[in-house]
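See below for the structure under consideration.
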Amino acid sequence: MTEKLITLPNLSLVLLIGASGSGKSSFARKHFLPTEIISSDWCRGLVSDDENDQTATKDAFEVLNFIAAKRLAAGRLTVIDATNVQPEARRSLITLARQYHVIPVAIVLDLPRELCLERNKARPDRNFGKGVVWGQADSLRRSLKGLRKEGFSHVTVLHTPEEIDAVRIARQPLWPDKRTETGPFDIIGDVHGCFDELHTLMLKLGYVIEGRDPYRASHPDGRRLIFVGDLVDRGPKTPEVLRLVMDMVDSGVAFCVTGNHDDKLKRALEGRDVKVAHGLAESLEQLARETPEFRRRATDFLDGLISHYVFDGGKLAVSHAGLKAHYIGRGSPRIRSFAMYGETTGETDEFGLPVRHNWAKDYRGETMLVYGHTPVPEPEWLNRTINIDTGCVFGGKLTALRYPEKEIVQVEAAQIYAEPVRPIGHRIQSRPADMLDLEDVTGKRVVETDLARNIIIREENAMAALEVMSRFAVDPRLLIYLPPTMSPSETSALAEWLEHPTEAFAYYHKQGVDRVIAQEKHMGSRAIAVVGRDAEAVRRRFGAEAAGLGTIYTRTGRAFFSEKPLEQAFLQKLADAVEKAGLWNSLSTDWLCIDAELLPWSAKALALLEQQYAPVGAASTHILPIAATLLAKAGQTELADKMTARADMAVGYRDAYRRYCWDVSSLDDYRIAPFHVLAHEGSFNMDRDHLWHLEVIDALCAADPSFVKRTERRVIDLSSDTQVAAATAWWETETTAGMEGMVVKPLAFTQKGAKGLIQPGIKCRGREYLRIIYGAEYTAPENLTRLKARNVGGKRALAQREYALGYEALKRFVAGEPLYRVHEAVFGVLALESEPVDPRL
């Protein structure tokens with residue numbers, strides 16, 4: 001028998017309809033995944049332990065509907081394996097499909113009832129009479145003609161076993177689904193018949209436009225256009241805009257979604273009764289001068305436009321008036337209406353226009369959504385949405401958004417073609433750029449980053465971060481970045497070492513990094529300094545009225561100095577050094593974000609020293625030598641030797657922390673050791689190599705060497721054994737003399753490898769310094785053997801995620817994105833600090 005093809009939308013609710021014995025379950029198993037099938041018999045078994053217990057039917061169908069709802073909400077095709085022969089049995093499922101904006105599909109197995117009865121006789125678990133099957137078959141046939149009226153978009157009726165055996169199921173994406181189209185794209189706002197401006201904008205974007213009938217457009221880099229709709233009305237050249245866009249869509253150079261003006265013009269061209277207003281008269285008059293063939297082509301084109309598109313694996317969506325997050329990628333009359341008109345309150349404003357809900361304020365989707373419809377003075381990001389209708393036809397601008405770059409390209413309107421009924425920008429209710437919302441950070445969050453795609457923030461980690469952020473953090477307007485944790489090198493293969501440069505160099509060599517930089521690791525407290533040239537510069541750029549010259553804060557966002565005057569005096573000293581070094585002028589900036597160590601360590605860790613390190617050091621260096629002496633006198637030579645070794649290790653422990661402590665009684669006792677100039681006005685510097693950073697910082701050190709401490713460094717070609725050996729020898733010499741250790745980094749700063757982001761830095765700490773971390777006696781053979789079993793995998797994964805979030809936060813800030821977008825990523829770094837990772841690593 002000839003194959004019978006049934007094509008199903010990827011997202012649909014499929015009802016198998018047929019009497020008991022018609023083969024629904026066998027059909028389902030043959031054509032669908034087991035996880036896609038929800039059987040009423042299986043649900044009866046769940047609630048009663050007996051799939052044939054008809055008294056459990058009500059509870060079973062509650063379970064069935066619940067599971068189906070969860071699958072549809074998640075965008076999963078769902079198959080209902082039940083008799084479904086009565087309209088009332090189907091009604092709740094059709095309602096469910098409408099609720100989740102999925103397509104209801106009916107596949108009817110209308111086999112002869114005698115055959116169904118015969119099959120049931122062969123199944124001992126189906127011991128019910130002839131009347132049941134007869135009744136089911138009669139109910140089915142009475143409702144066959146009304147299935148489409150009930151709401152089924154697709155209906156297939158199979159009458160014989162041969163027809164059923166010949167079926168092949170094919171799945172197709174929904175019309176909005178263009179996830180396989182990854183760009184790059186240029187998305188263009190409402191054109192409204194402004195052909196000249198569209199032509200100019202396309203040229204500015206780099207497109208080549210040739211001919212006219214048809215137009216031939218292309219981009220040398222393979223970019224394509226996406227139009228947000230409203231191609232027509234009000235402007236002077238609606239037919240020419242249609243001709244260009246239709247030709248580009250036909251040739252695959254462009255995509256276009258429908259706008260409310262496009263839809264209204266289509267209905268007018270079809271001869272329907274529409275109100276001729278808001279520029280429709282101009283379009284009809286212009287089109288009247290075109291040929292009938294062109295008008296038919298335009299009508300067909302406008303009729304074929306859909307509500308929205310989803311691109312690039314679901315990362316980008318485009319519609320005319322916006323969409324709610326759960327509408328994206330689905331199709332229904334309600335979604336089409338929302339995509340064309342937005343959501344209104346039912347009221348009208350003083351201009352007689354609908355009052356619209358600000359849906360973008362509540363948008364929490366992960367998909368970036370680009371739209372138009374309501375003209376605004378300038379494009380503005382709001383919760384990953386952006387309106388790019390900048391009112392060209394009203395004398396504003398025609399705007400394009402370049403994707404994935406997120407760059408805005410615009411051309412000015414040549415003139416005012418129409419007067420807006422409502423002034424552009426009137427009562428635009430948008431979220432203030434500096435407003436933070438609790439919903440942005442509570443619950444499980446997924447933060448999209450350039451470096452590491454989606455990073456999950458768990459709810460319990462977010463709660464811990466919220467406690468710190470809300471009670472202890474500096475002004476969030478200044479909290480533009482948090483530094484990541486840093487992984488140590490892998491455990492050394494050398495017998496007497498826990499960490500050694502060999503493993504750090506080997507890691508980067510294996511990752512394909514040719515050149516690294518090894519920098520002195522200062523024993524201080526990590527600090528981020530946000531410093532301005534003056535208080536006005538900080539107020540202007542950060543919007544913080546009482547911030548003075550800025551702030552300096554710790555890895556967890558807390559103010560480094562508890563006293564504001566001391567903080568401001570420190571920042572003034574830093575700003576003076578920047579001025580003396582000429583960096584304000586050479587970098588063309590009036591603010592800097594600097595990553596540094598603040599010295600001495602004891603300035604921030606005094607309580608830790610007094611309560612933990614000093615008592616242990618004092619007690620052990622006093623008691624252990626006495627114990628060794630007494631044991632020797634008692635003739636316990638072996639124990640005395642062990643005690644002497646412990647005493648020596650205790651001295652090493654005490655000397656290790658003492659190296660990093662000195663009295664701090666005034667501002668002059670502090671020093672700062674910067675190593676990154678993370679950002680300044682208009683410049684995001686985490687993609688600049690380390691040599692650039694150190695060149696800038698060396699100028700700062702030279703300006704005030706008593707205050708700004710230079711970071712020693714070595715640049716190493718990993719293919720040179722000589723350079724690797726020299727850097728290792730430098731580390732061994734300096735750590736023996738008291739240096740904490742070194743940090744090995746890719747010279748390029750931020751670098752990706754075959755498996756994604758490469759570790760931005762690996763710390764390699766000195767043998768004596770590690771006594772502070774692992775205890776005085778960590779070098780004892782029995783302890784060192786145990787510690788060598790440590791695993792740095794979790795720490796490295798955490799370091800990469802935190803780095804990606806910090807990178808994202810600072811990049812968003814420099815790009816001028818709203819504070820809540822910056823804060824989302826900063827908050828994520830702090831939340832990840834609650835991950836259960838060994839703090840000694």
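Observations, loosely collected:
- Note on Cα extents along the principal axes in Å: of the candidates (1) 82, 74, 50; (2) 106, 73, 51; (3) 107, 81, 52, the value calculated from this structure sits at (3).
- In the chain, a dipole from Cβ-located charges (positive for Lys and Arg, negative for Asp and Glu) runs towards its positive end, and of T344, T385, S586 it is T344 whose Cα lies farthest in that direction.
- Accessible surface, 1.4 Å probe, highest first, among residues R216, R141: R216, R141
- Reachable lysines from K145, criterion Cα separation under 23 angstrom, eight or more residues apart if same chain: K4, K24
- Degrees separating the helix 57-73 axis from the principal Cα axis of the chain, which is the longest one: 60
- Bridge type composition, the chain - antiparallel percent by DSSP, nearest 5: 60
- Within segment 166-234: Cβ-based charge dipole about Cα centre, in debye rounded to nearest 20 (Lys, Arg +1; Asp, Glu -1): 480
- Chain lengthening between A634 and R458 when straightened (0.36 nm per residue, less Cα-Cα): 57.5 nm
- Accessible area in square angstrom per residue, the chain, 1.4 angstrom probe: 44
- Beta bridges by DSSP in segment 391-546, antiparallel share as percent, to the nearest 5: 90
- Residue-wise HN-Hα couplings along segment 665-672, as the Karplus relation 6.51 cos²θ - 1.76 cosθ + 1.60 with θ = phi - 60° gives them from phi, are 10, 8, 4, 5, 7, 8, 9, 10 Hz; Gly and Pro carry x.
- Sites S218 and E610, calculated FRET efficiency, Cβ-Cβ separation with R0 56 Å, nearest 0.05: 0.20
- Candidate lysines for bridging to K315, where Cα separation is under 27 Å - those fewer than 8 sequence places away on the same chain excluded: K70, K178, K204, K324, K361, K397, K406, K444, K752, K755, K811
- When nucleic acids and ligands are ignored and a 1.4 Å probe is applied, S665 ends up with an accessible area of around 110 Å².
- Apportionment of accessible area to carbon and sulfur, segment 138-281, percent (1.4 Å): 47
- Relative to the longest principal axis of the Cα atoms of the chain, the long axis of helix 130-143 makes an angle of roughly 80 degrees.
- C-alpha center-to-center spacing [segment 538-581, segment 475-504] in angstrom: 27
- Shown for segment 395-491: the carbon plus sulfur share of the solvent-accessible area, taken with all protein chains present and a 1.4 angstrom probe, equals 49%.
- A Förster distance of 30 Å, applied to the separation of the beta-carbon atoms of S48 and A170, puts the FRET efficiency at 0.20.
- About the Cα centre, charge dipole magnitude for segment 363-427 (Lys/Arg +1, Asp/Glu -1 at Cβ), debye: 200
- Tensor-based shape of segment 645-745 (alpha-carbon gyration tensor, a/c under 1.5 rounded, otherwise prolate or oblate): oblate
- For segment 730-773 and segment 228-268, distance of Cα centres in Å: 58
- Nearest 10 degrees, 0 to 90: helix 238-250 Cα axis against the chain principal axis: 80
- Karplus-derived 3J(HN,Hα) values for segment 144-154, using 6.51 cos²θ - 1.76 cosθ + 1.60 with θ = phi - 60°, are 4, 5, x, 4, 5, 5, 5, x, 6, 7, 10 Hz; glycine and proline are entered as x.
- Remark: segment 828-837, residue by residue, has Karplus-estimated 3J(HN,Hα) of x, 4, 4, 5, 5, 5, 7, 4, x, 10 Hz, where x stands for each Gly or Pro and the curve is 6.51 cos²θ - 1.76 cosθ + 1.60 at θ = phi - 60°.
- Helix-only CD estimate at 222 nm, as mean residue ellipticity for the chain, using -39500 (n - 2.57) per DSSP H run (n ≥ 4): -12000 deg cm²/dmol
- Test item: Cα-centred dipole of the chain, Lys/Arg +1 and Asp/Glu -1 on Cβ, debye: 2000
- Dipole of the chain, positive end: most advanced residue of S26, S719, T554 [Cβ charges, Cα centre]: S26
- Between the amide H of E681 and those of D590, W591, distances stay under 5 Å, these residues lying 5 or more places away or on another chain, with hydrogens modeled in the peptide plane.
- Dipole of the chain [Lys/Arg +1, Asp/Glu -1 at C-beta], most positive-end residue of Y507, T485, S12: S12
- Built amide H within the under 5 Å cut-off of G391, gap 5+: V376, K397
- Put simply, the convex hull of the Cα atoms in segment 711-814 casts, on average, a shadow of 9.0 nm².
- Sparsely packed chymotrypsin sites (Phe, Trp or Tyr not before Pro) within segment 98-180, loop by DSSP, other Cβ within 10 Å at most 15: F128
The values are calculated or read from the model by the stated rules, or taken from the named source; none is laboratory data. Since we're looking at a predicted model, the values are computed, not measured. Please note: Cβ atoms are built from the backbone with ideal geometry, for glycine as well, and neighbour counts cover all protein chains shown. SASA here: full protein model, heavy atoms, side chains in, ligands and nucleic acids out. Shrake-Rupley method; radii C 1.70, N 1.55, O 1.52, S 1.80 Å.
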